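Heads up: the structure comes next, in structure tokens.
The values are calculated or read from the model by the stated rules, or taken from the named source; none is laboratory data. Note that the structure is a prediction, hence the values are computed from the model and not measured. Glycine gets a Cβ as well: all are built from the backbone with ideal geometry, and neighbour counts include every protein chain shown. Quick note on the areas: whole protein, heavy atoms, side chains included, nothing else; ligands and nucleic acids left out. Shrake-Rupley method; radii C 1.70, N 1.55, O 1.52, S 1.80 Å.
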Amino acid sequence: MKRVRDSALALWCDPWRRGWTIVLLLSVLGFSGWLLSQRVLVVEIEPGAATDLKLYLDLGRGFNEADAKYLLVAPGADRARCLVPRRTFALRLDLPSRAGRAITVRSVAVQGLLGGDCRPWTGASTANQIGAAGGPLPLVCRVASEADDPWLLLDGPARSQRPSIGDLLVVAGAALVLLAAAWLLAGGTRSTSALPPPSTRLPWVLLAWVGLIAISTWLAVGSLPGNQTDEPSHVAAALYYAEPGRWFPPDFSSPAVTATILNIYGHSYLFDGDLAYLVLGKAVLLLGWTGLDAVTALRLANLVLFIGAAAASARLLGGMAWLLLALGFMPQVWYVAGYVNGDACGLAVGLVATGLAARVWRAEGCGDLVRWVLPAIAALVVLALCKTNYVVVAGLVSAVVAARLWWQRMVLGRLLLPLLAGVLLLPLAAVGGRMLATQACNGWEAGMRMAVTKEAHAEDGWKPSQRGRPVLVAGRTAGPERPLARFAFDPAWYLDSFRSLVGVYGPMVFFHPALHYLGMWGGLAALLGLMVVGAGQVGGWRRAGTLVFVLASIAGLVVAQSLGYTWTYDYQALGRYLFPGIPLVLLAGVLLCPRVPTAGAFWLLWMATLPVAWWCAGVASAVVPRS
């Protein structure tokens, strides 16, 4: 008890920690009020009838886009859930505008956050362009020919009951989580080594990060699906794994897979074998009790995963956490973390793997090495199963860890070979196992089934047989061609890539002002310059020159990899394909730049706060729909 009292006094007497505690306690109150105002809406439909319903809520100001939600149902499932405010006066369910399609709406009900008895939505129903005049549920809705706005309206108002015991338990649990976060942030009675040195530990720096997290959460909860690049296709792939019992690669020709093809290319992200969709799909099952709709649950799971990985990486990096703080201010990073995609998971695992590699690099003694090498092997295995453009991160981190083990071979003795085998071979074995599982689930003809499915479901002009082939020089093969020179020597490709590395939003149509891009590129150049100066102060011009060579090699490798995807797969020039460079720059800093000039880091972090103001003022308001 005395230890708890002393820790509480230390927490309150420190102005820095006291401020954080007050902020988190206020967050508890705000979050509690929001939870108590919510109820779970359950919409039950005929299994397999629809996967893309849109729900409009009348909260007293009529139906509008700001109060709309998407109800996405996993293939084969029969119901969707979403949170709605207690004061919801009417519902309107918009159906897909596909003539002749029939959807049976079995029931609509509300219940508490932790389940319990469902109370049927008792309002009368009216219909438009769905071949039904309304009436009690269940109701068969068949989209009329030439329908342009089919919907089913359920009047209210819904009279919600008082907060239940379950709601209060949810609030209490949220309070405990936030109080635990305050305790960890304060570090108990010890100093927090994950933060920069005291000279750079400025309140506004971390508050800027909190601002970025808040904005990403706002976007995750408020923006509609379809406002972000390819998000419906990513959501469909994750929802495939939201069904219990689905753990292995799918049959590429099965109806459940073809139902996830929502783009003109006939491509499903399930073809890629990315572990992110399995993780996000199972997260939806875990978050099912919250009543969140599938899209919001997937987005929040993606964001929480990234925030946790960034915090863990900062803790592991120790004194080099300032570098992660600086790199993490790029708004595109947090924007990608706030919607469903396959990039945030790979970046998150890459940051953790880099932090573990830093611990291995600093480890001394056999016990310390083994303590950090084993989790590093686990992180490398997971990273190898993530999006393919993070394979380069897994390869270089494996090389660094293996080099450190070799240099400590006299200390490790007989443990050297097993640890080296784990670092170098287990990630390859994981990739090989995934390939074998994919072939086995597809009758050992996965490539052919994938090609047939793409050809059958792609729109005209985008079928594999109609698209250009990647060639080095035009004119070498018959038919349409995609020569490398078209992209490698096109300035627009590089401009689009590096501009979207900083921040381009929505369906790649919302931009920062040109001056801000120049400022951010200048800030990144200053960051790299500070690293070189710090390396020179420690090891002279040789180490500084080595760091310049390593940074140039990382830039060339990451750009060449992204260019290769554009050439071979016809991908867009997107900055998120350059994200593997972030953990690699962190790794270079760990190896060659143990410290930097403090004043330079101070001003760099000050410059890095600029994206927060720009993002708050313009981009977020354009992406999040308003009434």
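Residues that are surrounded by 14 or more Cβ atoms within 10 Å (Cβ to Cβ) and assigned to a helix (DSSP H, G or I) within region 430-443 comprise 430, 431, 434, 437, 438, 439, 441, listed in sequence order. Is it true that residue 552 is closer than 22 Å to residue 388 by Cα and assigned to a helix (DSSP H, G or I)? Taking the combined requirement at face value, the residue satisfies it. Among the residues that make up region 508-519, is at least one of them in contact (Cβ under 8 Å) with a residue 24 or more places away in the chain, within 23 Å of residue 313 (Cβ to Cβ) and out of contact with any Gly (no Cβ under 8 Å at 6 or more places or on another chain)? No; the residues of region 508-519 include none that is in contact (Cβ under 8 Å) with a residue 24 or more places away in the chain, within 23 Å of residue 313 (Cβ to Cβ) and out of contact with any Gly (no Cβ under 8 Å at 6 or more places or on another chain).
Restricting 334, 372 to residues that are in contact (Cβ under 8 Å) with a residue 24 or more places away in the chain, assigned to a helix (DSSP H, G or I) and either open to solvent by 10 Å² or more (accessible area, probe 1.4 Å) or out of contact with any His (no Cβ under 9 Å at 6 or more places or on another chain) (or both) narrows the list to 334. Note on region 527-553: residues that are among the hydroxyl-bearing types (Ser, Thr, Tyr), out of contact with any helix residue (DSSP H, G or I) (no Cβ under 8 Å at 6 or more places or on another chain) and in contact (Cβ under 8 Å) with a residue 12 or more places away in the chain amount to 0. Annotation: residue 349 fulfils all but one of (1) open to solvent by 10 Å² or more (accessible area, probe 1.4 Å); (2) modelled with pLDDT under 90; the unmet one is (2). For region 285-300, which residues satisfy the criterion of being under 14 Å from the mean Cα position of the chain (by Cα) and open to solvent by 20 Å² or more (accessible area, probe 1.4 Å)? Passing the criteria: only 300.
Scanning region 352-369 for residues that are in a helix (DSSP H, G or I) and either at positive phi or open to solvent by 10 Å² or more (accessible area, probe 1.4 Å) (or both) yields 352, 356, 359, 361, 362, 366, 367, 368. Of all residues in region 554-574, those that are in contact (Cβ under 8 Å) with a residue 24 or more places away in the chain have Cβ atoms under 6 Å from Cβ atoms of residues that are of a type in the set (Gly, Ala, Ser) and outside any loop (DSSP other than H, G, I, E, B), 6 or more apart or on another chain, in 554/581; 558/581; 573/497; 574/500. Among residues of region 36-71 being under 17 Å from residue 94 (Cβ atoms) and basic (Lys, Arg), the one that is modelled with the lowest pLDDT is 69.
When residues in region 251-267 are screened for being at pLDDT below 90 and open to solvent by less than 20 Å² (accessible area, probe 1.4 Å), 3 of them pass. Evaluating residue 74 against the criteria (1) surrounded by fewer than 20 Cβ atoms within 10 Å (Cβ to Cβ); (2) modelled with pLDDT under 75; (3) in a loop (DSSP other than H, G, I, E, B); (4) not hydroxyl-bearing (Ser, Thr, Tyr) leaves one unmet condition, (1).
The residues of region 531-558 that are under 23 Å from residue 483 (Cα atoms) and buried (at least 18 other Cβ atoms within 10 Å of the Cβ) amount to a single one, 558. Which numbered condition in (1) open to solvent by less than 30 Å² (accessible area, probe 1.4 Å); (2) free of Cβ contacts under 8 Å to residues at least 60 places away in the same chain; (3) assigned to a loop (DSSP other than H, G, I, E, B) is the only one that residue 247 fails? (1) is the only condition that residue 247 fails. Filter region 397-428 for residues that are exposed (fewer than 14 other Cβ atoms within 10 Å of the Cβ) and more than 20 Å from residue 550 (Cβ to Cβ) and give the result. Matches in region 397-428: 409, 410, 413, 414, 417, 418, 421, 425.
Taking each residue of region 398-418 that is under 16 Å from residue 365 (Cβ atoms) and looking for partners that are acidic (Asp, Glu) and open to solvent by 30 Å² or more (accessible area, probe 1.4 Å) with beta-carbon atoms closer than 9 Å, six or more apart or interchain, yields 408/364; 411/364. Select from region 212-228 the residues that are surrounded by fewer than 20 Cβ atoms within 10 Å (Cβ to Cβ) and either of a type in the set (Ser, Thr, Tyr) or touching a Phe, Trp or Tyr at 6+ places or on another chain (Cβ under 9 Å) (or both) and write down the one among them that is modelled with the highest pLDDT. By that ranking, first place goes to 217.
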